[in-house]
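Asks: Quick one: structure below, then a few questions.
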Amino acid sequence: MDFKLDIGELTNTIREYENFIRILAEQKENINKTVKELTDLGWSGAAKDQFEQNHAKKQEFYTKLQEDFKYVENAMEREEKPESVKLKKRCEGFEDCIKRSAGGAALTHDDIGIISLEYSGKAQINNNVDKCINDYYKKMDSKFVEIQNLLNSLTFTSFPIGEDVEKARKSLKNQTTSLTDFNDSFNEYCSGVKTLESNICSVLGKISGITEGMSKFRGMSSISEGGQVDKNKVMQLMLKNPADLTIEEKGILKYAKIILGEDEYKKLKETVFTYKEAEKYIKCDILGLNVGLKIYSSNEISNLPKQITYEKDGYIYTYVLTENSPLTFNGLELPNDDIITKDGQVISTKTYGYKLVYTNEPKISAGIVFVSPTEGVSNPNLQEIFYGLKNAKVTEKLNPETGKMEPYMKQYQMNDDYKVLLRKDIGGFNDHDPIGDHWNLEIQTSGGRTVYDLHVYLDESGNLKPFDIDNVYIPKKSPFK
């Protein structure tokens with residue numbers, strides 16, 4: 001199917017939609033006013049209750065109808081028409097490409113004009129232009145060169161034609177350049193038409209009641225059958241690089257902005273952070289290592305974001321600022337009442353922190369111990385450490401007993417100050433390590449000083465054996481406990 005759009009008709013349609021949206025709003029107000037007058041007159045009983053239920057249900061459908069009309073009108077006025085006008089101006093510029101001068105075409109008003117594209121003719125135009133630019137130009141240019149070479153040898157002629165030949169050659173080159181400019185502009189026009197059609201089809205496909213393309217849209221959509229917005233899914237799209245968004249995803253964000261409203265959409269966007277930004281609020285680091293979640297006093301939370309959403313390694317995390325549970329001692333809850341000083345000042349003992357309320361990350365076992373993203377751990381994050389070790393290069397060492405080279409160590413640089421090593425050790429450690437052969441997981445400074453040392457063991461298949469992180473033997477106590 002070829003493409004054709006009358007911008008004048010599009011402009012009239014936008015005006016009709018604006019008028020109809022106004023009528024819908026007025027009628028809705030009149031209906032609600034009539035219903036209120038009816039109930040205020042003292043109508044009561046089962047019939048009245050049933051009527052109000054039915055009215056509320058119809059109001060939902062009416063509101064959805066208003067939203068759909070508003071959405072279509074917005075798409076036509078803010079998306080389709082501006083892009084259509086751009087394409088029309090590009091059409092009017094085709095003549096300029098050939099004439100190689102600005103203002104060669106008669107320009108029309110933005111509210112009128114027709115743009116079209118015969119898809120089957122695109123390839124034919126491209127092929128003909130390619131032949132002119134490449135085959136024909138090269139052949140003719142070579143002939144002009146032959147003529148010039150021949151003229152240089154015909155010194156006995158009394159009429160100079162060399163200048164005319166050079167002018168003809170330059171004219172041919174200029175026309176070739178003009179065709180190249182036209183071809184580039186034409187291809188951009190064709191791409192623009194396809195993008196325009198794809199975008200408006202995506203926009204219209206999101207409206208309840210239009211079935212074409214809905215199965216694909218709703219499979220990845222943030223919009224329900226009733227037109228409601230899933231804020232978590234919208235935030236996932238906000239976290240993506242705008243340049244990486246598909247046409248459908250851009251359409252979802254535009255729809256959400258219309259339905260939620262400018263203010264609500266802005267508030268939602270303000271909760272979206274990069275991982276580095278979020279980490280400053282959520283996590284507590286010492287010497288570059290994560291040692292748990294940050295704790296805030298009551299006088300520190302006024303300027304903190306109430307909600308933080310970020311993306312890391314393809315997963316989404318949403319944290320909410322909440323009041324921490326009171327501290328306990330020997331199973332008893334300690335009082336957290338406010339303290340009143342002698343001068344009457346009130347000091348709150350409550351503490352606050354960020355709690356994970358949503359993530360699409362599946363629970364992961366690091367081979368040794370599960371590290372939950374909802375809890376801070378006193379030791380370095382083993383999940384991150386083993387992820388780094390997984391990609392590290394294996395160093396081999398000669399085993400004097402077998403005479404063979406065997407895997408001995410893996411290491412990688414955690415940051416500028418620390419490196420991680422996993423190396424094989426032989427023999428048991430009496431009461432602490434009755435199992436015998438084990439691997440040392442060490443964190444060392446750049447100078448080689450060990451600040452963290454953990455013993456781990458392998459099963460017969462070479463997999464790390466699981467154990468309880470709280471009861472495992474740690475030869476050198478970590479400064480992070």
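Asks: I need a count of the residues in the range 1-19 that are within 35 Å of the chain's Cα centre (by Cα) and assigned to a helix (DSSP H, G or I).
Replies: Of the residues in the range 1-19, 8 are within 35 Å of the chain's Cα centre (by Cα) and assigned to a helix (DSSP H, G or I).
Asks: Determine if the range 390-407 includes at least one residue that is modelled with pLDDT under 75, closer than 24 Å to Glu311 by Cβ, surrounded by 11 or more Cβ atoms within 10 Å (Cβ to Cβ) and not assigned by TED's automatic domain parsing to the domain that holds Thr309.
Replies: The answer is yes, given that some residue of the range 390-407 is modelled with pLDDT under 75, closer than 24 Å to Glu311 by Cβ, surrounded by 11 or more Cβ atoms within 10 Å (Cβ to Cβ) and not assigned by TED's automatic domain parsing to the domain that holds Thr309.
Asks: Output the residues belonging to the range 246-287 that are within 23 Å of Val357 (Cβ to Cβ), among the aromatic types (Phe, Trp, Tyr) and touching a residue at least 60 places away in the same chain (Cβ under 8 Å).
Replies: Tyr281
Asks: Of the residues Lys70, Lys33, which is basic (Lys, Arg), touching a Phe, Trp or Tyr at 6+ places or on another chain (Cβ under 9 Å) and part of a helix (DSSP H, G or I)? Walk me through how you get there before you give the answer.
Replies: Details: Lys33 fails: touching a Phe, Trp or Tyr at 6+ places or on another chain (Cβ under 9 Å).
Lys70 is the lone residue from the list that is basic (Lys, Arg), touching a Phe, Trp or Tyr at 6+ places or on another chain (Cβ under 9 Å) and part of a helix (DSSP H, G or I).
Asks: Within the range 34-48, can you find the residues that are closer than 17 Å to Gln59 by Cα and of a type in the set (A, V, I, L, M)?
Replies: Correct list: Val35, Leu38.
Asks: While we're here: In the range 20-52, which residues are under 30 Å from Ile200 (Cα atoms) and over 36 Å from the mean Cα position of the chain (by Cα)? Give the derivation first.
Replies: Taking the range 20-52 and keeping what is under 30 Å from Ile200 (Cα atoms), we get 20-28.
Those that are under 30 Å from Ile200 (Cα atoms) and over 36 Å from the mean Cα position of the chain (by Cα): Ile23, Glu26, Gln27, Lys28.
Asks: In a strand (DSSP E or B), within 30 Å of Ile443 (Cα to Cα) and modelled with pLDDT under 85 - does that describe any residue in the range 337-353?
Replies: Taking the range 337-353 and keeping what is in a strand (DSSP E or B), we get 339-340, 346-347, 351-353.
Now narrow it down to the ones that are within 30 Å of Ile443 (Cα to Cα): 353.
Cutting the leftovers down to modelled with pLDDT under 85 gives us none.
Among the residues of the range 337-353, not one is in a strand (DSSP E or B), within 30 Å of Ile443 (Cα to Cα) and modelled with pLDDT under 85, which makes the answer no.
Asks: Which members of the range 297-317 meet the condition of being within 26 Å of the chain's Cα centre (by Cα) and not polar (S, T, N, Q)?
Replies: Hits for the range 297-317 are Leu304, Pro305, Lys306, Ile308, Tyr310, Glu311, Lys312, Asp313, Gly314, Tyr315, Ile316, Tyr317.
Asks: Quick one: count up the residues across the range 167-187 that are touching a residue at least 60 places away in the same chain (Cβ under 8 Å), touching a helix residue (DSSP H, G or I) at 6+ places or on another chain (Cβ under 7 Å) and either more than 12 Å from Val129 (Cα to Cα) or not assigned by TED's automatic domain parsing to the domain that holds Lys143 (or both).
Replies: Selection size over the range 167-187: 1.
Asks: Taking the conditions exactly as written (of a type in the set (A, V, I, L, M), touching a helix residue (DSSP H, G or I) at 6+ places or on another chain (Cβ under 6 Å) and modelled with pLDDT of 80 or more), does Val234 satisfy them or not?
Replies: When the stated conditions are applied, Val234 passes them.
The values are calculated or read from the model by the stated rules, or taken from the named source; none is laboratory data. Remember, predicted model here, so these are calculated numbers, not experimental data. With ideal geometry, Cβ positions are generated from the backbone for all residues, glycine too; neighbour counts draw on all protein chains shown.
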